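Colleague: Sharing a structure, written as structure tokens. Questions coming.
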Amino acid sequence: EIHAELKTKSKMFCGCKNDPDETRPNVNICPICMGHPGTLTTPNKQAIENVIRVGLALGSTIADFSEFDRKNYFYPDLPKGYQITQFDTPLCNNGTVRIKLSDGSSKDIRLTRIHMEEDTGKSMHDQDLYDTLVDYNRAGTALIEVVTEPDIKTGEEAYAFVTEIRRLVRYLDICDGNMEEGSLRCDANISIMPKGSTTFGTKVEVKNMNSISNVKRAIDFEIKRQTELLLSGGSVDGETRGFNGLNGSTFS
């Protein structure tokens, strides 16, 4: 899964300024993106057009009808208590990304969907000795999410895929693609399937990878970890794991 913040002047459902360079916390907010009762949203036309441009570039089928849904979960950086996203009716279905590997070969990675959603705020754990602080300037910013079929087999292929998506969104000028700043983010869902089997193994989702090289490192580590678990007679727990860039490991 790749999330890309769109370069629009305003947020996804309100007129608040979309300014990733703003350093003052909680200045680009309003009752709409803060989820106050009684507020009504208005979709950002430019954001929708940007998603369609990505879909056309990747050979996706563009939907004739689409709608938004609420995904409910309770995090401090989600002021509404739910995220506005797309579930049954994504704007773009299917599509293909062709990647080039180090041995000169090419491979097509199938896409499941490309849909729109809004971003969360930003939790900061290192600004205060005792408390976590939350900056809602980013809350409500327009995002696209690109979801692939389970075609990626190695860390190298994932590296090539993220590189190609970043190249595309930069070429279309809809996202700056800076993973270090969080405007492009990748979540990797990894499972081991023994040779000869037709059943996928238990999936583990890895987050907190802030560079393309770290995506590859995290996947390579997780493949090794899950393989050793299964070969020793253990089982893989379905969970979300973070990535430690200092030692290249994942943690629950």
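Colleague: To the nearest 10 Å², what's S102's accessible area with a 1.4 Å probe?
Modeller: Answer for S102: close to 110 Å² accessible.
Colleague: Next question. Run the quick spin-label model on S211 and S197: label points 7 Å from Cα toward the beta carbon, then report their separation in nm to one decimal.
Modeller: Each label point is offset 7 Å from its Cα along the Cβ direction, giving 3.3 nm.
Colleague: Per residue, how many Å² of accessible area does the chain show with a 1.4 Å probe?
Modeller: On a per-residue basis, the chain sits at 55 Å².
Colleague: Do you know the Lys pair count in the range 148-252 for C-alpha distances under 16 Å, with sequence separation 8 or more or different chains?
Modeller: Value for the range 148-252: 8.
Colleague: Could you tell me the distance between the Cα centroids of the range 31-67 and the range 202-218, to the nearest Å?
Modeller: Centre-to-centre (Cα) distance: 27 Å.
Colleague: A follow-up question, please. Looking at the range 71-114 from every direction and averaging, what is the projected area of its Cα convex hull in nm²?
Modeller: The orientation-averaged projected area of the Cα hull of the range 71-114 comes to 5.0 nm².
Colleague: While we're looking at this one, here's another question. Using C-alpha positions alone, give me the convex hull volume of the range 114-252 per residue in cubic angstrom.
Modeller: Given the Cα convex hull of the range 114-252, per-residue volume reads 139 Å³.
Colleague: Using 1/(1 + (r/R0)^6) with R0 = 25 angstrom and r between the beta carbons of T96 and D176, what's the FRET efficiency to the nearest 0.05?
Modeller: The pair T96/D176 has a calculated efficiency of 0.55.
Colleague: How far is helix 155-171 tilted, in degrees, relative to the longest principal axis of the Cα atoms in the chain, given as a value from 0 to 90 rounded to the nearest 10?
Modeller: 30 degrees
Colleague: Dipole of the chain (Lys/Arg Cβ +1, Asp/Glu Cβ -1, origin at the Cα centre): which of M124, V51, F87 lies farthest to the positive side?
Modeller: V51
Colleague: Ok, one more. At q = 0.14, 0.17, 0.18, 0.25 Å⁻¹, what base-10 log of I(q)/I(0) does the Debye formula yield for the range 120-174 when every alpha carbon is treated as an equal point scatterer in vacuo?
Modeller: Log-scaled intensity ratios, in q order: -0.67, -0.80, -0.82, -0.95.
Colleague: Now a separate question. Quote the charge dipole size of the chain about the Cα centre in Debye, to the nearest 20; the model charges only the Cβ of Lys and Arg (+1) and of Asp and Glu (-1).
Modeller: 420 debye
Colleague: For the range 173-231, go through all pairs of different Cα atoms, get the mean of 1/r, take its inverse, and jot down that Kirkwood value in Å.
Modeller: That comes to 13.0 Å for the range 173-231.
Colleague: What's the percent breakdown of Cα-Cα distances in the range 1-79 across 5 Å bins, shortest bin first?
Modeller: Binned Cα distances yield the sequence 3, 11, 18, 24, 21, 13, 7, 3, 0.
Colleague: Kirkwood hydrodynamic radius for the chain: how many Å is it when counted over pairs of different Cα atoms?
Modeller: Kirkwood hydrodynamic radius for the chain: 19.4 Å.
Colleague: Right, here's the next one. Starting from the Cα of S123, step 7 Å toward the Cβ, then list every residue of the range 233-252 with an amide N under 17 Å from that point.
Modeller: Counting backbone N atoms under 17 Å from the label point, the list is 240-244, 251-252.
Colleague: Would you kindly find the accessible area of R53, with a 1.4 Å probe and non-protein molecules such as ligands, DNA and RNA excluded, rounding to the nearest 10 Å²?
Modeller: Using a 1.4 Å probe on the heavy atoms, I get roughly 100 Å².
Colleague: At a 10 angstrom cut-off on C-beta neighbours, averaged per residue, how do the peptides 206-212, 241-247, 129-135 rank from highest to lowest?
Modeller: The packing order, highest mean first, is 206-212, 241-247, 129-135.
Colleague: Round to a whole number: what % of the accessible area of the chain belongs to carbon and sulfur, probe 1.4 Å?
Modeller: 51 percent
The values are calculated or read from the model by the stated rules, or taken from the named source; none is laboratory data. Here the structure is a predicted model, which means the values were calculated and not measured. Here Cβ is always computed from backbone atoms with ideal geometry, including for glycine, and neighbour counts include all displayed protein chains. All accessible areas refer to the heavy atoms of the entire protein, side chains included, with ligands and DNA or RNA removed. Shrake-Rupley method; radii C 1.70, N 1.55, O 1.52, S 1.80 Å.
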